[in-house]
Each structure stands twice: as C-alpha cells, then as structure tokens.
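Colleague: Structure below; questions to follow.
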Amino acid sequence: YLAAVAVGLEKDPVIANRIAYIRDQELIKEYIRKNFLEQVELTPERQLQALKMLDHQVKIRHLFVAERERAEALYNRLNSGESFEALAQEIYSDSSLRANGGDLGYIQFGDLDPALEEKVFSMKPGEISMPVKSVYGYHILQVTDIRQNEQFQELSSSTKQQLVNEILRARQADQAIREHLQELASQQKIQVNNRVLDRLLEATRKVMGDRYEDAEIFKPAIYSSDLLRIENDLESILNEELVRFGEKQLRVADFLERLKQMPPLHRPYLRTRNRMVQSIIDLIRNDLILEEAYKQGLNNDKNLQQSSQQIIQEFLAEEFQKRFYSEAFKN
C-alpha cells in the first residue's frame, strides 16, 4: 500500500474511479444496514416455517410473461394438453430455457421471489399453478420433484438458525427498501429513450459477439476494453439522453462511464434489453440511496470511514502488485 501511495497510484483515473466506487458501495451498505437490516424483527412462527422449508429442495419449471392476460392464455393452453416444452419454445428468447422447457432445476428456500416460493413449497409433484404475480410479471409453475436438502440437514442447529435469520432479514429488508425507494421517487417515472437504448444494445452485441454465450462465472460480463470499443462505436450519440428520471438525465457517455467505474466482476450482463434496462434502474436506485445517506451524514461516520479505508488500502496494494509484475509497469 505504501509503495502504491509513493508512486501516486491513487491518482490514476481508473484507480480513482474504483476508489470512488468502493466508497459509494460501502456507504450504500451502511445505509441499508442501519435503516433496514437492524430494524427487522423476526417472529418464532416465521423462523419455524422457514426451517421446515429449508429441509427440502424442489425441482421446478416455469413459464414467465409480463402480462396477466397472456399468462392466463398460457395456463389455459397447458390445461388443454399443450406441453411446457412447446410453450417454452414459443415464449423464451433465452436459449437454455427454450431447450429445457423452462426448467429452473432444484431450488431451496431463499432462491426465489417470496411470492413464488410460498406457492412452490405448497405444491405437490406434477401440480401446475395458476399464474402467480411477482414484482417482475406473471409465472406459471410446475413442481417436477421434491427431495431432501442434504446439505442443510448436515448443518448444526445454530448454523441452520443463523442461515434462516439471514434469509428472513434480507427478505424483509428488501421489501422495506422497495417501499422506501418508491417514497423517494415521489411518483417520478423512469423514461428510457428506446431509440438510443436500441443503438446501445446493438453496439454491445456487436462488440461482445458470441462471448456472452460462453460466459464463465469467474470472468467479467464485460471488460474495460469492450467498453472503450462500444464508446468508440457510439461516438455520434454519446451526448444523447439515454434515460430521464424527474429532472435528472443519464447520457450514453454517463452510463458507460459508470460501468467503467465498477470493478470488472461487478459489471452487469448487458446482452438483452431487459438486463440493460435493469442495470439503468439499479444505477438510479443507488443514486437515490446515496443522496439519502449523505443527508443523514453517514459519510462522516468514523467507523465507516475506517472500514472503507481498509478496503481501499487492500485494493491499492493489490493493484500495485499487479502493475509491478506487468511488463507495462516495468517499462
């Protein structure tokens, strides 16, 4: 770390952006911890119910659409004898879901939206649900198998209870955060410029090519070099408005700059329109929380400053070591 400071590594624009990102993320975490996670109260009844659900894993497949009317039509077609496989081929653009008939594999408590989970864990093998609403749209679910959750059963009682409490706290906090964000938004709508979004999506697919299809979990969704190529491809529209939220706007250049600021493994998958829009929504959500955190003065919290600085020191030390051993740094 001292070597990194001695050569002024923190003044490098890329490194400075990463440091700013670290501080922002730690501030967001502290805001959520203080205002939501610490406020959650768990009832013994809910804890016992969650423990029972974690004893099992449920294998499911599902059909998902955004509109209720379409979901009801799909449900009626299933009841008329059409197969999950045929309907999955029809509605999904994702190649894996098209190929496996909407199979999500085995899930356990904590893996799904709570509205879906409550339904899934009450169903029997072979049973098909009526359309179930989540925050994303409408789902038709079928349980194909139920088995014991052996990994959970091997845990000690105290570890089981800790896991259940973590899941329940995160669940309740998540719902409270959603309601809080709606209040902060004050009925303001996110308005996406579809023409510009389509152009951004086209450039992303052009640069990334087939690499998205072969993505590995330990590799970044998109590299910094890819972002530079996308930026060059979109030079003519970099200053155009991508999204407006109330009086604020996010230009194409702003969006790409925010992605560059993130560590590579934190960057979102951008190949589909839905994921692109979700990444934009996530940025707006984080900005709203940051504004509130600064209003509460959390950025002046001494403990938070110390923990953030420790993370930054570790980051600078690691970056110095990478550069020291690279040919570019030696030259």
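The values are calculated or read from the model by the stated rules, or taken from the named source; none is laboratory data. The model shown is predicted, which means the values in this text are computed figures rather than measured ones. Ideal geometry is used to build each Cβ from the backbone, glycine not excepted, and the neighbour counts take in all protein chains shown. What goes into the accessible areas is simple: the full protein's heavy atoms, side chains included, and nothing from ligands, DNA or RNA. Shrake-Rupley method; radii C 1.70, N 1.55, O 1.52, S 1.80 Å.
Colleague: Name every residue in region 276-331 that is at pLDDT 90 or above and not in a helix (DSSP H, G or I), in order of residue number.
Modeller: Result: GLN296, GLY297, ASP301.
Colleague: Check off (1) assigned to a strand (DSSP E or B); (2) open to solvent by 40 Å² or more (accessible area, probe 1.4 Å); (3) not polar (S, T, N, Q) for GLU202 and give me the number that stays unchecked.
Modeller: (1) is the only condition that GLU202 fails.
Colleague: Answer yes if at least one residue in region 20-38 is in a loop (DSSP other than H, G, I, E, B) and either of a type outside the set (A, V, I, L, M, F, W, C) or within 24 Å of the chain's Cα centre (by Cα) (or both), and no otherwise.
Modeller: Scanning region 20-38, I find at least one residue that is in a loop (DSSP other than H, G, I, E, B) and either of a type outside the set (A, V, I, L, M, F, W, C) or within 24 Å of the chain's Cα centre (by Cα) (or both), so the answer is yes.
Colleague: Now, a different point. Is it fair to say LEU270 is modelled with pLDDT under 90 and either assigned to a helix (DSSP H, G or I) or closer than 21 Å to ILE237 by Cβ (or both)?
Modeller: yes
Colleague: Those residues that are free of Cβ contacts under 8 Å to residues at least 60 places away in the same chain and outside any helix (DSSP H, G or I), I need them from region 1-19; list them, please.
Modeller: Those that are free of Cβ contacts under 8 Å to residues at least 60 places away in the same chain and outside any helix (DSSP H, G or I): GLY8, ASP12.
Colleague: What pairs come out if I take residues in region 251-279 that are within 15 Å of ALA20 (Cα to Cα) and pair them with residues that are of a type in the set (S, T, N, Q) whose C-beta lies under 6 Å away, six or more apart or interchain?
Modeller: Matching pairs, first to second residue: GLN261/ASN17.
Colleague: Still on this structure, please answer the following. Return the pair list, or none, for Cβ contacts closer than 8 Å from residues in region 79-108 that are over 21 Å from PHE121 (Cα atoms) and of a type in the set (Lys, Arg) to residues that are open to solvent by less than 80 Å² (accessible area, probe 1.4 Å) and not in a helix (DSSP H, G or I), at least 6 apart or on different chains.
Modeller: Close Cβ pairs (under 8 Å, with a partner that is open to solvent by less than 80 Å² (accessible area, probe 1.4 Å) and not in a helix (DSSP H, G or I)) amount to ARG98/TYR92.
Colleague: Condition first: among the basic types (Lys, Arg) and over 25 Å from GLY297 (Cβ atoms). Now tell me which residues in region 10-52 satisfy that.
Modeller: Scanning region 10-52 gives LYS11, ARG46, LYS52.
Colleague: Okay, next question. Please tell me if GLY105 is open to solvent by 30 Å² or more (accessible area, probe 1.4 Å) and outside any helix (DSSP H, G or I).
Modeller: No: the conditions fail for GLY105.
Colleague: I need the full set of residues from region 63-121 which are among the acidic types (Asp, Glu), closer than 20 Å to ASP145 by Cα and out of contact with any Lys or Arg (no Cβ under 6 Å at 6 or more places or on another chain), in order please.
Modeller: Once the filter is applied, which keeps residues that are among the acidic types (Asp, Glu), closer than 20 Å to ASP145 by Cα and out of contact with any Lys or Arg (no Cβ under 6 Å at 6 or more places or on another chain), region 63-121 yields GLU85, ASP111, ASP113, GLU117, GLU118.
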